[in-house]
Amino acid sequence: MLKKCIFVVLAFCLLPVRVAMADVNPISVHILDQQTGKPPVGVAVVLERMHGESWQKIASGETDAHGRIKSLFPKGERFTKGEYRVIFKTGEYFGKMKQDTFFPEIPVLFRVVDATQHYHIPLLLSQYGYSTYRGN
């Protein structure tokens, strides 16, 4: 009886963790402007998935006050293995700042091999360069 009570208590305590993990969006992005050291606000980002030989848009959003989009993948859609890309619309961002840029868009292609994992794509940005990696 004691073991059963402990199991019920543990299951009840861990339930919020399981629910929270299930609610985590599988794709997020983050941008930091290397020139200013600040996150760009309002940068448009498009998420696409390769279907056959062509890309199909599945979502879009704009970076928040912290330069992030925490939930880029559409809610209610099934996240699957495959080729994806995020396109950062950096030309619009620099245009608003009245600055030129060499990269008006930055497409970042990535492969999802395990649809149970979270994929975070950070972008370190300047007018004439950028870097990215798989974040966590």
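The table below gives the values:
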read-out	value
Under 12 Å, Cβ to Cβ, from residue 60 - net charge with Lys/Arg +1 and Asp/Glu -1	0
P(r) tail fraction, region 26-84 - alpha-carbon pairs more than 15 Å apart, %	53 percent
Compactness of region 29-125 as Cα Rg over 2.2 N^0.38 Å, two decimals	1.10
Residue 99/residue 75 FRET efficiency (R0 22 Å; Cβ-Cβ; nearest 0.05)	0.05
Estimated vicinal HN-Hα couplings, Hz - region 97-104 in sequence order (Karplus 6.51, -1.76, 1.60; Gly, Pro = x)	8, 6, 10, 7, 8, 7, 10, x
Full-stretch length increase - residue 127, residue 54 - with 0.36 nm per residue and alpha-carbon distance subtracted	23.4 nm
Percent accessible area from carbon and sulfur atoms, region 23-136, protein chains only, probe 1.4 Å	50 percent
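The values are calculated or read from the model by the stated rules, or taken from the named source; none is laboratory data. From a predicted model like this one, the values you see are computed outputs, not experimental measurements. Quick reminder, even Gly has a Cβ in these numbers, built from the backbone with ideal geometry, and neighbours come from all protein chains shown. The area values use the complete protein model at the heavy-atom level, side chains included, leaving out ligands, DNA and RNA. Shrake-Rupley method; radii C 1.70, N 1.55, O 1.52, S 1.80 Å.
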